[in-house]
């Protein structure tokens with residue numbers, strides 16, 4: 001018995017559009033009944049309606065999908081009005097989620113399965129994070145909010161004024177791409193800052209993870225200076241914070257460059273170094289006697305919001321400066337000029353150097369193979385520079401203790417770099 005392919009496609013659309021509705025509906029079902037506008041079944045049906053709307057666009061009169069779309073919006077408004085009529089305090093999250101569910105189902109019906117599924121997952125995560133996000137946001141100061149608004153407002157004003165093409169003779173500085181890169185990096189780094197501002201008391205490893213996500217160098221320097229009498233603390237925090245910074249940089253390099261070759265070569269160093277560093281930190285942290293609240297406060301006081309004008313301008317200047325510096329070095333001395341430039345620049349900021357190299361790939365100013373090897377080199381230097389910070393801010397005792405915990409991470413990163421060089425001997 002032959003089954004009509006069109007019917008099979010309909011069943012597929014029905015199942016997938018129902019699935020995205022179920023995903024969001026499961027989360028909403030956990031909301032207290034007295035506050036819930038819609039639950040599992042309503043969200044499932046809304047996803048199906050969205051899928052049917054776009055599915056019927058091609059083979060049915062326009063009136064049918066139009067009616068389905070208008071009916072869904074009217075239903076959401078009616079549901080909310082009915083609940084509001086009872087005099088209960090209701091938010092807009094659930095009605096909005098219904099409309100997003102309808103849109104996700106619509107993407108499924110249009111054949112955009114990945115986009116529809118991604119939209120549903122993001123929506124479910126946002127709804128689930130309510131109890132976690134709200135306390136964090138309330139901890140933000142007025143200055144934090146004002147700084148963030150200022151950065152994005154200035155970026156919105158400056159972006160259209162920047163020329164769409166590179167402004168330098170070497171074709172490196174595309175100011176619009178620089179702004180996009182800066183905003184992306186600051187937005188990701190801000191997640192770590194929000195974690196630092198939470199009221200949840202974290203242990204040594206938690207503080208290391210959050211601090212490393214914002215700035216592993218600041219975290220290392222602060223802990224080395226504040227805990228000279230307890231060298232086991234910087235010996236634990238440093239490899240853990242560095243590991244998180246390496247993983248964060250890997251994600252940022254992937255997002256900025258958009259090139260799998262760069263990501264693979266970078267991962268040769270970052271993944272083994274991060275895994276070994278975290279494992280070492282976990283081992284050393286056992287039975288460690290330290291005032292965890294004092295540690296969290298010490299690191300938290302030194303961490304500044306990345307979504308403010310000063311770090312935004314600094315990162316933008318570093319990306320522009322490093323990119324130009326590397327391009328000139330390449331023109332003057334070829335690959336050797338690039339290597340010297342990366343080593344010198346990474347002493348100032350290995351994070352900005354890695355992002356600059358990824359930016360150059362995205363701009364077409366550097367080939368992915370070369371950039372991947374150089375980012376791997378900058379990633380290893382991010383580990384090596386921690387010896388300098390612990391020695392300068394903590395003294396010889398802290399350096400001697402931290403050396404033992406950083407060494408396995410260093411070896412893992414060096415082996416990874418060797419693999420990168422072997423795969424790219426040129």
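Please treat every number below as a calculation from the coordinates, not as lab data. Just so it is clear, the structure is predicted and the values come from calculations on it, not from any experiment. Here the Cβ positions follow ideal geometry from the backbone for every residue, glycine too, while neighbour counts run over all protein chains shown.
Suppose each label sits 7 Å from its Cα in the direction of the beta carbon; what would the residue 114-residue 310 distance come out to in nanometres?
Computed distance between label sites residue 114 and residue 310 equals 4.2 nm.
Would you calculate the separation in nanometres between label points at residue 229 and residue 264, each defined as 7 Å from the Cα along the Cα-to-beta-carbon direction?
5.3
Provide 370, 390 in ascending order of the number of other Cβ atoms located within 10 Å of each residue's Cβ, fewest first.
Least crowded to most crowded, the residues run 370, 390.
Please arrange 43, 325, 152 by counting, for each residue, the other beta carbons lying within 10 Å of its beta carbon, fewest first.
Fewest-to-most Cβ neighbours within 10 Å comes out as 152, 325, 43.
Using only Cα atoms, locate the centre of region 307-339 and the centre of region 370-426, then give the distance between them in Å, rounded to an integer.
Between the Cα centre of region 307-339 and that of region 370-426, the gap is 21 Å.
Please arrange 215, 285 by how many other C-beta atoms lie within 10 Å of their C-beta, fewest to most.
In increasing order of surrounding Cβ atoms, one gets 285, 215.
Express in nm, to one decimal, how much length is gained between residue 9 and residue 150 on full extension, taking 0.36 nm for each residue of separation and deducting their alpha carbon distance.
Extending this stretch completely gives an extra 45.9 nm.
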